[in-house]
Amino acid sequence: MSWTRRSRAVLAVCVLLPAGSAGCGAGDAREPARAHATASAAPVGELLDDTDAEGRRYREVAAEHAPEVGVEVQPGTGGDWDIRLSVRNFRFSPPGTRAEARPGRGLAYLYLDDGLVTRLRGPGHRLAARLVPRGTHHVTVRLHADDGTVWAVAGEPVENTADITVSGPRPTAAEGPGASTGEGPEPTAAERPGATGGERPGASTGEGPGATGAAGPGAVAARGAG
């Protein structure tokens, strides 16, 4: 009888524990979820008071873990420009990503002569010839976190700029390292290593710093400094 009673007591404990507010291993099972929530809530980098021209604040990160961007520009068909971005320590976020800063994630803003052309979420973009009239133009790509802040190192935005010179029926391309993809109207292409995002119509994507430019007939090519 005593053995039977003890067995029933054990069975009762085994049934009650899973149904109770606490049970065998229940606390341990919840710990990973708590740890993940804490890690997600941890701040990324340091928000600075410095901002870009549109008022977006810089998000300072250590140089060894900072994203990098480069751009490659080549004349395309019909006078358009093909832009390719190369990135390091950075991944492009797809549309619909939550607006929060995550290490090494975000999008690139493509500027032409300081005017926003497009947001880039990939390594390739076609820049329309109509956006690049005759003369020399500056193309800048800047990397942003998903919350709109600008990735920065030592107080400077992570970006890359290159020049495009149009001196005839066709334009020429100047480049800096890297390339990227974007969203919106098509921009012009040129970059230098070390930059982060902006928004203008048109976009492109790429990976790894460094860029080069090729010019077609009637065009002159110049390479931007990194």
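The values are calculated or read from the model by the stated rules, or taken from the named source; none is laboratory data. These numbers were taken from a predicted model, which means no experiment stands behind them. Cβ coordinates were reconstructed from backbone atoms using ideal geometry, including for glycine residues, and neighbour counts include every protein chain displayed. For accessibility, only protein heavy atoms count, side chains too; no ligands or nucleic acids. Shrake-Rupley method; radii C 1.70, N 1.55, O 1.52, S 1.80 Å.
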Output the residues belonging to the range 114-151 that are among the aliphatic types (A, V, I, L, M) and open to solvent by less than 20 Å² (accessible area, probe 1.4 Å).
Val117, Leu120, Leu127, Ala128, Val132, Val139, Val141, Leu143, Ala145, Val150
Is at least one residue of the range 84-98 crowded, with 16+ Cβ neighbours inside 10 Å, at pLDDT below 95, farther than 25 Å from Thr51 by Cα and not hydroxyl-bearing (Ser, Thr, Tyr)?
yes
Out of the range 45-58, which residues are open to solvent by 20 Å² or more (accessible area, probe 1.4 Å) and not polar (S, T, N, Q)?
Gly45, Glu46, Leu47, Leu48, Asp49, Asp50, Ala53, Glu54, Gly55, Arg56, Arg57, Tyr58
Residues of the range 152-165 satisfying the condition of being farther than 14 Å from Arg84 by Cα, part of a strand (DSSP E or B), of a type outside the set (Asp, Glu) and open to solvent by 10 Å² or more (accessible area, probe 1.4 Å)
Val153, Pro157, Thr165
Being over 22 Å from Val153 (Cβ atoms) and not hydroxyl-bearing (Ser, Thr, Tyr) is the requirement here; does Val73 meet it?
yes
Residue count, the range 60-80 (criterion: under 15 Å from the mean Cα position of the chain (by Cα) and buried (at least 24 other Cβ atoms within 10 Å of the Cβ)):
5
